Amino acid sequence: MFSNVSARWRRRLRAAVAVWAVLLVALAFAGSRATVSEQVDAAGAREAMDAVLGAAAGSLTGAAVLAAGPLHAESCDVTPVRPGLSLERTLQVSGATVDQIEALVETYALRVLTEGAEEASWSGDVEGFIGLRVNAPGSDPAGGRWSEPVAVQAVTGCRPIEAPVGSFTPDPPIDAAESWEFGAVDCPGGERLSSWTEPVEAEPMRVHETTGGCV
């Protein structure tokens, strides 16, 4: 390339190509900046996500025992030149009643995904453009109460990184294993649901310690 031009012009052409490449990258980055409300940064999306789960915890507190799962973060690309994070947290509800889950589904206008004897699930997008999904072990539990845990999962989707996403973890209990993970969400009344859990295959998580709800 540039073999038929003088050395001086080759230098100029290479410089022009380099400047053009930098300009293209700059334009791509500028064009990828958040310009719509659903593209708030990861830190802001984390606050919105935990607020949704905190409100859900408040509505489910009572007959059910709750546990907040840890914050999970996965790297993603908002655009080819702009990295991001996708955040997720799960609320595990033990002893949930059909009335509680139906009220939650109605509050957030979730749509039915599956409805059967072994699995029932609902999902939708809620305030802050947070994805919310509820998974229950069947749609018609005996006595109107599930004996197995119901999972309420919230995800942010890929969000740009503008500021650090804080995640406070206190000192673990004395008898805690390395696999224990801490999770917490703030409740609408100012209370805090905090839990120590462990990931397992059979259910969303094994609960070792939890405050149990918004109390």
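Since every read-out is calculated from the coordinates, none of them should be taken as a lab result. Worth saying up front: this structure is predicted, and the values here are computed from it rather than measured. Counting neighbours? That spans all protein chains shown, and the Cβs are built from the backbone with ideal geometry, glycine included.
Couplings 3J(HN,Hα) for the range 184-189, derived from phi with the Karplus relation 6.51 cos²θ - 1.76 cosθ + 1.60 (θ = phi - 60°), are 7, 9, 7, 8, x, x Hz, where x marks Gly and Pro.
Backbone phi angles across the range 148-160, fed through the Karplus curve with coefficients 6.51, -1.76 and 1.60 (θ = phi - 60°), yield HN-Hα couplings of 9, x, 9, 9, 10, 10, 10, 9, 8, x, 6, 10, x Hz in residue order; Gly and Pro are listed as x. Binning the alpha carbon pair distances of the range 37-210 at 10 angstrom intervals from zero yields the distribution 10, 37, 36, 15, 2, 0, expressed in whole percent. Sorting 177-186, 103-112, 88-97 by average packing, meaning the other beta carbons within 10 Å per residue, from highest down gives 88-97, 177-186, 103-112.
Projecting label points 7 angstrom from Cα along Cα→Cβ for Ala142 and Glu178 puts them 4.1 nm apart. Its Cα centre serving as origin, the range 37-210 has a Cβ charge dipole (Lys and Arg +1, Asp and Glu -1) of approximately 260 debye. Which residues does the label zone of Glu102 cover in the range 110-148, counting backbone N under 14 Å from a point 7 Å along Cα→Cβ? Residues 139-146 qualify, since their backbone N sits under 14 Å from the label point.
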